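A short write-up of the structure that comes next.
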């Protein structure tokens, strides 16, 4: 498939794609859409930002062909509320006649139950889906099209048992009623592969490798822990749109507060926020009302924000996969992007562990040169000697003397 016009799509969907400026499919769309349009099951393995959401939504919209007064006919299971909301927004653009029920925790049951009564498509997270299914509110027996999206993250989040139960509650494939199933995942751990073998019938496999010519610059920045906020503040002045990842919800909240106090238009995205607050944070960042989004891993996968110039790993993630997903928020769909991973004096062993788990080999960036010129200049340094090699921040370049709210000025010393 070289163009979406090669497909026999309904005029409404074809017009929508044209209106969105989508004429040439991405590699994963070019492979997966014809397979799914043909009614086959499919396993999609592709990196973040590759376009797989549209790859399974176009066939879904064609299969359902508008609203019908019957039980829900399609189910999309996702690991996060934000991803569910995003998928719903894309589906609304493709076919606004399809009625949706977005189902996830953190909000009341009433509106979700009302939506389920007339929904053609259910999009939701495993925990709430199991709950509503047991209550008899989410009727899954008539599902004809099932999508398990970001399956590896659902495993990481501990949703494996719930996903198994949800899948078992959908209709089984028979000669007279055939449930089509899509399993999408960036990686294929054992549980995901087992799910594919158990619940998909003779699936086609679509595997799209990351673009080796990606316009991503990614380097390590050695920063004394006492100066991390100050250095980050300087970096943010060089970027129009930045996502900063913290490891904990409390840490993300505090960092967002500190950056706001330093004059940065900052929003936070973490699990302790209400759904309404999370939606507002993403919306303000998309509209550029805020230029910095401080987030936990909740934003590392599935949140599609265009033109993110910079990703900063303020704190190291727990796994190499999370590092990949975080960095995948920038340099998307051919755009240029930059990622910087902070290492402080107590991070050497954590970084070595990530490397053993598959994190990429990264070079250190000259912090002084980066802060003064905005350019990535690489230097020779090794993480096992981090305590000895942390670049010193000179007074005339500012960051070492930027005050972190609630903290005294960090004293300078000859060593980090």
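Derivation of every value follows stated rules applied to the coordinates shown; laboratory data play no part. Not measured: the values here are computed from a predicted model. All Cβ positions, glycine included, derive from the backbone under ideal geometry; neighbour counts span all protein chains shown.
In the calculated pair distance distribution of the range 1-99, what percentage of Cα-Cα distances lie above 16 Å?
I get 57 percent for the Cα pairs in the range 1-99 exceeding 16 Å.
Please work out the Kirkwood hydrodynamic radius for the range 317-356, using every pair of different C-alpha atoms, and report it in angstroms with one decimal place.
11.4 Å is the Kirkwood radius here.
As a test of the definition: which semi-axes, in Å, follow for the range 219-372 when you take the square root of five times each eigenvalue of its alpha carbon gyration tensor? Largest first, please.
Values for the range 219-372, descending: 22, 17, 16 Å.
For the chain, take the longest principal axis of its alpha carbons; what is the angle in degrees between that and the long axis of helix 126-135, to the nearest 10 within 0 to 90?
For 126-135 against the chain, the angle is about 40 degrees.
Taking 8 Å as the Cα distance limit and 6 or more residues as the minimum spacing, I'd like the relative contact order of the chain as a percentage.
On the way: 789 pairs, mean separation 63.7, N = 416.
About 15 percent, as a whole number.
So what's the angle, to the nearest 10 degrees on a 0 to 90 scale, between helix 275-286 and the longest Cα principal axis of the chain?
70 degrees
Using alpha carbons only, how many degrees (0 to 90, rounded to 10) separate the axis of helix 27-37 from the longest principal axis of the chain?
Taking the Cα atoms of the chain, the angle to 27-37 is about 20 degrees.
From the helices alone, meaning DSSP H stretches of at least four residues, give me the mean residue ellipticity at 222 nm for the chain, per-run term -39500 (n - 2.57), in deg cm²/dmol to the nearest 500.
-10500 deg cm²/dmol
Defining a contact as two alpha carbons under 8 Å apart and six or more residues distant in sequence, what relative contact order in percent does the range 229-343 show?
30 percent
Which length gain, in nm to one decimal place, applies between residue 284 and residue 65 when the Cα-Cα distance is subtracted from 0.36 nm times their residue separation?
75.5 nm
Quick check: convex hull of the Cα atoms in the range 246-334, volume per residue, rounded to a whole Å³?
92 Å³
Please compute the contact order of the range 4-207 in relative form: average sequence separation of alpha-carbon pairs under 8 Å and at least six residues apart, divided by the residue count, as a percent. Kindly include the intermediate steps, with their values, before the conclusion.
On the way: 354 pairs, mean separation 56.3, N = 204.
Once divided by the residue count of the range 4-207, the mean separation gives 28 percent.
Given the C-alpha atoms of the chain, compute the convex hull and give its volume per residue in Å³. Walk me through the numbers on the way to the answer.
Values: hull volume 57.9 nm³, N = 416.
Spread over its residues, the Cα hull of the chain gives 139 Å³ apiece.
Send over the per residue convex hull volume for the range 46-136, Cα only, as a whole number of Å³. Could the numbers behind the result be given before it?
On the way: hull volume 8.7 nm³, N = 91.
Looking at the range 46-136, the number lands at 96 Å³ per residue.
If the convex hull of the alpha-carbon atoms of the range 4-207 is projected onto planes in all directions, what is the mean projected area in square nanometres?
10.6 nm²
Given the chain, what percent of its DSSP beta bridges are antiparallel, to the nearest 5?
5 percent
Could you compute the FRET efficiency for residue 90 and residue 376, with r as their C-beta to C-beta distance and R0 at 25 Å, rounded to 0.05?
That pair, residue 90 with residue 376, gives E of 0.15.
Which length gain, in nm to one decimal place, applies between residue 305 and residue 368 when the Cα-Cα distance is subtracted from 0.36 nm times their residue separation?
19.7 nm
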